[in-house]
Each structure stands twice: as structure tokens, then as C-alpha cells.
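Q: Following this message is one structure expressed as C-alpha cells.
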Amino acid sequence: MKLKNFLSEIILVDKEEKAAEIAKIIKKDCKPFLQAKKGCKKNWLFRGANISPAKSIIRKTVRKNRHPIDTPKDVHKLMDNAFLKRFGWRARSNAIFALGFHGLQFPHLYGGQEWLCFPIGKFKFIWSDEIADLYGDYITTFDFRDWYDENDPEKEEIMLNDLMDKYTDKNFCAALDAGHEIMIQCKEYYMVNNELFSHLIKLL
């Protein structure tokens, strides 16, 4: 056997063993997610992050008060309060951002390498079948002058309600299939190296 083929087999076995170990962890800690995904198509949850690709799995805590990098603070607060009023939680500051479509380059907009994402324990989600990315599709064109009118103080609320009508916290399978941004609330989550994707999904 050529050395190259021999090394390839070692790497393959190593990935299969790692995937088997990680599958046990996911099945134990991510039952609500796996239950919600039952009956869905083959799409899984992904997000991008600047983390060393040498790591196979990482457990992370969701920030309670995420500060936006690009979104103006006043717009961020306005949207956050609107999600709180409509869905009961702050989807822009107390969430992770992911999407459920494998193979697109979209996750890299969130930074770095593409990782499989698994919410730990109970989780909530919000998504839109009309808006693929709230920042890219909407906030970048946002102008308070379009929302505020001193002669019509209710205009801002009407505009926010119209925006919130485009979002839902139902039908997780459709959210995964859409390939749009999904805002997820949970306490912790796992990120798994995308190199293990083909091995891991066979076990879940």
C-alpha cells in the first residue's frame, strides 16, 4: 500500500472516531434540537466563526447582551425592542446567528470558517422567509427619516409591526430549508468542525 493511501485511511478512521464521540455528546445534550429537526430535509444548522480549524468541537456560551459590529446602536436597540415586544425575547442581543443550508458561502458573512451548530438544551428561534439577512437586506438601507414623522407619531410603530409581521417563531424545518438567517436563543451551544459533517450526520 502506498504511503499516501495509508495516511488517507488513518485520517478517515480518525474522523470517523471523532464523529462517533461527538455524536454521543450531541445526542445527550441537544435532544430538543434533534427532536425539532426530525422530519426535516438533510439541511443542518451552520454558522461562521474565526476559530482554530484544528478543534473538532467547541462548547460556547451565548452572550446575554451582544453588541453589534456594523448596525448603528439606535437601530439595534429599536429592532431588539421590537422582537422583545412581538416574540418575548431580544433576538438581536441575546441570540446566536446561524442558517440552515449547507453549501452556501453565506455563513462566512458572520466571520470565518463554516461550523455545524447545535443548541444545547431548550432553544427558541426566529426567522423570516422574506428577509434572508436583517442587516444585509434591511438595516443597510434603514433610514429613520422613513420611519419618523412628527405629524404621525404612530408611524414608527406601524413600520416596526410591518417588519415583525415578516418574522415567525414557527416551522423549524422551513427555517432550515430556506437558507436564511435564523436567530436562536439558548444558554449554550456546540460548534463542530465542518470537516466532520459527512461522518457526523450519518450518526444523528
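Q: Here is a list: 36, 23, 19, 54. Which entry is at pLDDT below 90 and of a type in the set (A, V, I, L, M)? Don't jump to the end; show me each part of the working.
A: On the way: 36 fails: at pLDDT below 90; 23 fails: at pLDDT below 90; 19 fails: at pLDDT below 90.
None of the other options fit; the residue is 54.
Q: Answer yes or no as to whether residue 38 is surrounded by 12 or more Cβ atoms within 10 Å (Cβ to Cβ), more than 16 Å from the chain's Cα centre (by Cα) and not aromatic (Phe, Trp, Tyr). Full working, then the answer.
A: Working: surrounded by 12 or more Cβ atoms within 10 Å (Cβ to Cβ): no; more than 16 Å from the chain's Cα centre (by Cα): yes; not aromatic (Phe, Trp, Tyr): yes.
Judged against the criteria, residue 38 is not a match.
Q: Hey, which of the helices (runs of 4 or more DSSP H) in the stretch 133-204, taking only ones fully inside, have at least 3 residues that are touching a residue at least 60 places away in the same chain (Cβ under 8 Å)? Before you say what the answer is, go through the steps one by one.
A: On the way: elements: 144-147, 155-164, 172-178, 197-200.
Passing ranges, in order: 155-164, 172-178, 197-200.
Q: Residues of the stretch 41-77 being touching a Ser or Thr at 6+ places or on another chain (Cβ under 6 Å) and loosely packed, with under 11 Cβ neighbours inside 10 Å, which ones?
A: 65, the sole residue that qualifies.
Q: State which residue is farthest from residue 192 (Cα to Cα) when the search covers only the stretch 116-158 and only residues that are surrounded by 14 or more Cβ atoms within 10 Å (Cβ to Cβ) and of a type in the set (A, V, I, L, M). Full working, then the answer.
A: Initial filter on the stretch 116-158 (surrounded by 14 or more Cβ atoms within 10 Å (Cβ to Cβ)): 116-120, 123-129, 131-139, 142, 147, 155-156.
Pick out the ones that are also of a type in the set (A, V, I, L, M) and you get 116, 120, 126, 131-132, 134, 139.
Details: 116: 5, 120: 13, 126: 22, 131: 27, 132: 24, 134: 25, 139: 30 Å.
Checking each candidate, the answer is 139.
Q: Separate question: Can you tell me how many residues within the stretch 93-128 are modelled with pLDDT of 95 or more and assigned to a loop (DSSP other than H, G, I, E, B)?
A: 4
The values are calculated or read from the model by the stated rules, or taken from the named source; none is laboratory data. Everything quoted here is computed from the prediction, not taken from an experiment. Using ideal geometry, Cβ is built from the backbone for each residue, glycine included, and neighbour counts are taken over all protein chains shown.
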